[in-house]
1. Glu341 passes all but one of (1) in the same structural domain as Gly466 (by TED's automatic domain parsing); (2) touching a Pro at 6+ places or on another chain (Cβ under 8 Å); which number fails?
2. Take the residues in segment 260-284 that are under 20 Å from Ala620 (Cβ atoms) and hydrophobic (A, V, I, L, M, F, W, C), then tell me which one is surrounded by the most Cβ atoms within 10 Å (Cβ to Cβ).
3. Test each condition in (1) out of contact with any Leu (no Cβ under 7 Å at 6 or more places or on another chain); (2) surrounded by 16 or more Cβ atoms within 10 Å (Cβ to Cβ); (3) without any contact (Cβ under 8 Å) to a residue 40 or more places away in the chain for Trp296 and report the one that comes out false.
4. For segment 591-603, does any single residue satisfy the condition of being assigned to a helix (DSSP H, G or I), β-branched (Val, Ile, Thr), in contact with a strand residue (DSSP E or B) (Cβ under 7 Å, 6 or more places away or on another chain) and at pLDDT 90 or above?
5. Could you grab me the full set of residues in segment 406-434 that are within 44 Å of the chain's Cα centre (by Cα) and either modelled with pLDDT under 90 or more than 17 Å from His448 (Cα to Cα) (or both)?
6. Of Leu337, Leu381, Leu365, Leu347, which residue is touching a residue at least 12 places away in the same chain (Cβ under 8 Å), part of a loop (DSSP other than H, G, I, E, B) and either of a type in the set (Asp, Glu) or closer than 17 Å to Ile457 by Cα (or both)?
7. Can you spot a residue in segment 384-405 that is among the polar types (S, T, N, Q) and assigned to a helix (DSSP H, G or I)?
8. Looking at (1) part of a helix (DSSP H, G or I); (2) surrounded by fewer than 21 Cβ atoms within 10 Å (Cβ to Cβ), which is the only condition Lys472 fails?
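The values are calculated or read from the model by the stated rules, or taken from the named source; none is laboratory data. Owing to the predicted nature of the structure, the values given are computational and were not obtained by experimental measurement. Here the Cβ positions follow ideal geometry from the backbone for every residue, glycine too, while neighbour counts run over all protein chains shown.
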Amino acid sequence: MKHIDGDILKATMRGHGICVVIPTYNNVGTVRTVVMETLEYCDDVIVVNDGSTDGTRELLAGIPGIDVVDYPRNMGKGTALKRGFIHARSKGFRYAITLDSDGQHYPEDIENFVRAVVEMPETLIVGERDLSGVDINAQSSFANKFSNFWFRVQTGINLRDTQTGFRVYPLARMHGLGLLTSRYEAELELLVFSAWHGTPIRSIPIRVYYPPRSERVSHFRPFMDFTRISILNTILCILAVVYGLPMRMYNAFAQRKLFANDFRPFTHKDGVRRSAAITLGRLWRSACGAAYFFLWSVVVFTPMTALYFALGWNTETKRLRFHRMLQWLSAHFLRMLPGAEVRFENLTDKTFSTPAIVVCNHQSLLDLPMLMALHPRLIFLTNDRVWHNPYYGRVIHRAEFLPVSAGMNVILPRLKSLRDRGYSIVIFPEGTRSEDCTILPFHQGAFHLTRELQMDILPIVLHGAGHFMPKKGKLFRKGNIVLRILPRVQYCRQPQYPTTRGEARAYRRMIREQYDLLASQQETCHYFSSHILYRYAYRGWNVVARCKAMLRHIDDYSQIIDRGPSSAGDIHGPSERHGTTRCVRIVHAGIGVFPLLYALVNKDVEVYAFEECLADYRIAVETAALPPNLHYIHAVWEGDCSVEGINFDRTIIMDRTTPHII
């Protein structure tokens, strides 16, 4: 395995507040070697001399660069560990790596523990020895299995090695220090108390060296120590019922460890994560919207349409009145649309004063009622799915909408008649909807009609409908929907574009530019906040709570995100680079809420999000529908938060303790 550079390792330990605590008692033959080798990997070494009488005190005094905690009388390993932890806390350290001074542990494995600390913060990490093929006595082997069994009984956690002294303790989450016994069993107590109080416990493999039995120095007393351990386990088993179990239940609730996994029926479909989870709110709003639409369109309006045209003559006035009813119904439905705010821009009395070919980008099933609400004199060219719809098909037939599949020879004469009657023709040149709201290439049919019918072109841009109700989604989301009417383009007998293909490309470019302008105005932090929550919903209680905590503070960093890299503040390195791709670095990305928001709002910025916690990194990268400009990177060591060949325009460092930016 490739080892990290020693300076980087030491810098990482210093940055995370990690020290090494070595308790020792009468190991004068090995302690110097252990300490000196440890100093190669860590600059902060605390050695606890547990009243040694073999010259250890004098030996330690001659080793520079270590911090010695010394007391005259031997009080046991439990006391030595407690004294070492208290001293480490007083020095401001957050983690303590412990290893024995008898030479059985390899200080090189400190690197693995440091990686584990970075990837699993606030976790008690236990080294797991591979004892196969190792010459150990029967008493030690039995003691380890005995301890493993009772630890599983007392905590419900299965550890294969509870007797190793090579560990990492998160000092802020140490419990029961005041109740520790003084001898070897204290290490088991630390595990049990930590488990009861909700401290995560994990194991990593370590190497172990046992010298020949004749050279070993052991302070293990089989009869006395087995007796002490048996008495301790009896007490712990009683406490496990009256204290440990209630504490585990309380901490599981307080730390939101209950319901920790995805609720897959709501988050996945056919084994693939949904881009937006099904939530109770979405189900309710969609059910209300669908029921309202069904009531008015199927129960009320369809029978009324049949009755309306069955009575009397079908005059022009009667047909226009029917179109006015359709306009009212569409506008009423949009006003009652749950979770949506609909806005029309640039609509004046003169917008449809004369007939025109209306070209509009296609985003959602809501596009039709959005346009129908504009004016009564609108005719739509529809596809066969809409034309043959069993619910409202008869209504659109009476509204004189026309199916594109009928062919130009059939519909052109009817369109000329509608034009002469003052009706505008609405066409979606894309022909279909995109899944990500991008504007697809325009077909030429609309622009061929403008030349055949000699009509003006009225461009219209829709934004937000595809986010509110995506192409493959049947449930409503939350959001704002904007319809913007662009200036009318007068018909000219000498067209600006010699071919309809060139004209289609030009109008697509025009509508895309206006759509991008609308997006830059509308797509802010607040616009995407509900979309973010849908991506994290039902992915575990703790994940959802952390996402909501970030979104509650959205006002604190909305200006930073909404203004992009050009805003002042925490810019390190060059300013905005004109003509090149802008790049932003986000350190401590967490579960990815902030980077995802930043990337969605700033689509033209490459966002590199660095996260060291492995669990958070996995949550972030497993989020559905990540934008292509967002790149998550798992960073462990100091200096990993960089990408070769990239100079970042901005660096944002997230505060881990609160959902704010520092």
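1. Condition (2) is where Glu341 drops out.
2. Residue satisfying both the conditions and the ranking: Ala277.
3. Single failed check for Trp296: (1).
4. No, segment 591-603 contains no residue that is assigned to a helix (DSSP H, G or I), β-branched (Val, Ile, Thr), in contact with a strand residue (DSSP E or B) (Cβ under 7 Å, 6 or more places away or on another chain) and at pLDDT 90 or above.
5. Gly431, Thr432, Arg433, Ser434
6. The match here is Leu347.
7. Looking through segment 384-405, at least one residue is among the polar types (S, T, N, Q) and assigned to a helix (DSSP H, G or I).
8. (1)
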